[in-house]
Amino acid sequence: MSALVDTAPLIGHVVGGKVSTPDGSRTQDVRNPATGELSGRVLLADQAEVDAVVAGAVEAAATWAQEPIGKRAGVLFAFRELLVQHTDELAATITAEHGKVIADSLGEVGRGLEVVEYACGIPQLLKGEYTDQAATGVDVFSFREPLGVVAGITPFNFPAMVPLWMAPMAIATGNAFVLKPSERDPSSSLLLARLWKDAGLPDGVFSVLQGDRVAVDGLLTHPDIAAVSFVGSTPIAQHVYATATAHRKRVQALGGAKNHAVVLADADLDLAATHLTGAAFGAAGERCMAISVALVVDEVADALLERLKAAALKVRVAPGNDPASDMGPVITQAAKLRIEEIVTSAVDSGARALVDGRGHTVDGFEGGFYVGPTVLDGVTTDMRAYAEEIFGPVLVVLRVADLSEAIGLVNANPYGNGTALFTSSGDAARTFQRAVHVGMIGINVPIPVPVGWHSFGGWKDSLFGESHIYGPEAVRFYTRNKVVTSRWPSSPATARFHFGRTTSH
Ligand code: NAD
């Protein structure tokens, strides 16, 4: 046991607007990946805590749903201001537990902020539909009501942005929201809870339940949870989708990815190499939209690889809070060992490590979980490095004859989150964007995460459920429709025993 254990702060739940650290809870260590040192211990909820959090949320949801929509929007505007004011604090919290560089943590908060700003427009977004005189003396109108209590279960790699993909939309539409953050970097959730409270959100509308699979399964099966938004790996997304739908909940479960970038012979190779380097090694490759596969047309493969190698060797690996760092550590020692093992198995099977990040250490931070940028050439589709989501700073390169072969590989892959094409041909771009079975496509844009007023989501094994996340699709996901057909008669009624047509021809 580390000497720091006794002083490491407890990271608790937020129930009814207050931080709660019940005695006797199970805990899990939280480490700073840059140093390997223990930084806290997060509580792991059992069923009693799940029930307590949900009960508080049920009570809060009933009142919140009745608040005038302008008042709800007012809280969102106040939250937006506080998020801007506390961006640096939130970014520092992210970097301390996740490891990504501060500039990237700031970017993460910025992308979350976009969703908050979209949610500020909720009075406009929730306007219903009206048909005057649908039949003689009859009007029809529809409006959308909140679901009640909805849960968000989030991954480690965006501890602020992914909760911000969900909570602002769920809350603006009139629901109470229970966040179950990743147990690996849980502290950002507490800061978000404080900002919601300071923005004037009533206690219990935003709650935090810390925990592992016990907390998740408790939420998935709880009768008072109406809907679940999940973001994480594909096997857990499948589990969440199967369990929660079996318990009659509405579910959107976003899973893992293996994003391919295609580089054609007519691409600007300097631009492609620069963008691929950022997209493969940014956040140490721990992004669901990271580019992890480059499909390069044969005739430019050597020229591109030369540029990729030079760019990868320039990436400065250091703790995320070092302003000169381009890339921080990966999340855990276990993640580091798994990534290195996958690289070794590719090399043993005949791939060539053009740049090899195994065994990387950073002076003064020998306990940190560092993997250097890695570029593997000559990878084949049967290798683990191609078949699995590595979720580390590893770019695998496959050479292809043409666009058609590249599209075939993109579509044969079980994932369908993101993909990118580098070309100077509009015709090739149009062919690609129409042919690929992928939810988000970049044309000379390596990480095509949609802005906050569009919706985000993949296809195939990258999403279970119908609805993409944030943006217009979130308004529908977090509400259900009511249609009222009304008549205010001025003359006596006559009974009718058949449906009448409302149109004639
Ligand atoms: P993860 O699936 O391990 O964990 C996600 C959440 O599920 C966490 O809150 C965790 O506590 C919970 N969980 C883990 N194991 C569980 C179990 N057995 N039963 C019930 N709940 C469980 O994912 P992660 O490692 O935190 O995040 C990385 C993964 O998330 C990658 O696969 C990445 O591609 C994916 N991701 C996807 C998107 C997207 O938008 N599609 C975005 C970010 C991350």
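For the residues Asp203, Asp198, Asp185, the requirement of being within 16 Å of the ligand (Cβ to nearest atom) and either closer than 28 Å to Asp104 by Cβ or at pLDDT 95 or above (or both) singles out Asp185. For region 434-479, give me each residue that is under 30 Å from Ala65 (Cα atoms) and among the basic types (Lys, Arg). Of everything in region 434-479, just one residue is under 30 Å from Ala65 (Cα atoms) and among the basic types (Lys, Arg), namely Arg476.
If the requirement is being outside any strand (DSSP E or B) and within 16 Å of the ligand (Cβ to nearest atom), which of these qualifies: His498, His437?
His437
Let's see how each residue does on (1) of a type outside the set (Val, Ile, Thr); (2) within 16 Å of the ligand (Cβ to nearest atom); (3) out of contact with any strand residue (DSSP E or B) (no Cβ under 6 Å at 6 or more places or on another chain); (4) under 30 Å from Gly282 (Cα atoms):
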site: Ala92; (1), (2), (3), (4): yes, no, yes, yes
site: Lys127; (1), (2), (3), (4): yes, no, yes, no
site: Thr131; (1), (2), (3), (4): no, no, no, no
site: Val150; (1), (2), (3), (4): no, yes, no, no
site: Ile153; (1), (2), (3), (4): no, yes, no, yes
site: Ala160; (1), (2), (3), (4): yes, yes, yes, yes
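If you check Val109, Val84, Val116, Val75 for being assigned to a helix (DSSP H, G or I), at pLDDT 95 or above and in contact with a Lys or Arg (Cβ under 6 Å, 6 or more places away or on another chain), only one passes: Val116. Looking across Ala170, Ala215, one residue alone is within 16 Å of the ligand (Cβ to nearest atom) and either part of a helix (DSSP H, G or I) or assigned by TED's automatic domain parsing to the domain that holds Asp51 (or both). It is Ala215. In region 272-300, the qualifying residues are those that are more than 25 Å from the chain's Cα centre (by Cα) and surrounded by fewer than 20 Cβ atoms within 10 Å (Cβ to Cβ), and the one that is farthest from the ligand (Cβ to nearest atom) is Glu299. Looking at region 94-114, which of its residues are of a type in the set (A, V, I, L, M) and touching a strand residue (DSSP E or B) at 6+ places or on another chain (Cβ under 9 Å)? Scanning region 94-114 gives Ala96, Val101. If you filter region 440-483 down to residues that are charged (D, E, K, R) and over 19 Å from the mean Cα position of the chain (by Cα), you find that the one that is nearest to the ligand (Cβ to nearest atom) is Arg480.
Sub-9 Å Cβ pairs linking a first residue in region 472-485 that is in a strand (DSSP E or B) to a second residue that is among the basic types (Lys, Arg), at least 6 apart or interchain, are Thr479/Arg144; Arg480/Arg144; Arg480/Arg250; Asn481/Arg144; Lys482/Arg144, ordered by first then second residue.
Answer with yes or no whether Glu49 is touching a His at 6+ places or on another chain (Cβ under 7 Å) and either surrounded by 23 or more Cβ atoms within 10 Å (Cβ to Cβ) or more than 15 Å from Gly211 (Cβ to Cβ) (or both). Yes. Restricting attention to region 227-245, the residues that are more than 9 Å from the ligand (Cβ to nearest atom) and either aliphatic (A, V, I, L, M) or part of a helix (DSSP H, G or I) (or both) add up to 7. Which number in (1) charged (D, E, K, R); (2) farther than 18 Å from Ala283 by Cα; (3) not in a helix (DSSP H, G or I) marks the one condition that Lys100 misses? Unmet for Lys100, out of (1) charged (D, E, K, R); (2) farther than 18 Å from Ala283 by Cα; (3) not in a helix (DSSP H, G or I): (2). Restricting attention to region 123-151, and to residues there that are part of a strand (DSSP E or B) and aliphatic (A, V, I, L, M), which single residue is nearest to the chain's Cα centre (by Cα)? Within region 123-151, the match that is nearest to the chain's Cα centre (by Cα) is Ala151.
The values are calculated or read from the model by the stated rules, or taken from the named source; none is laboratory data. This is a predicted model, so every value here is computed, not measured. All Cβ positions, even for glycine, are placed from backbone atoms using ideal geometry, and neighbour counts span all protein chains on display.
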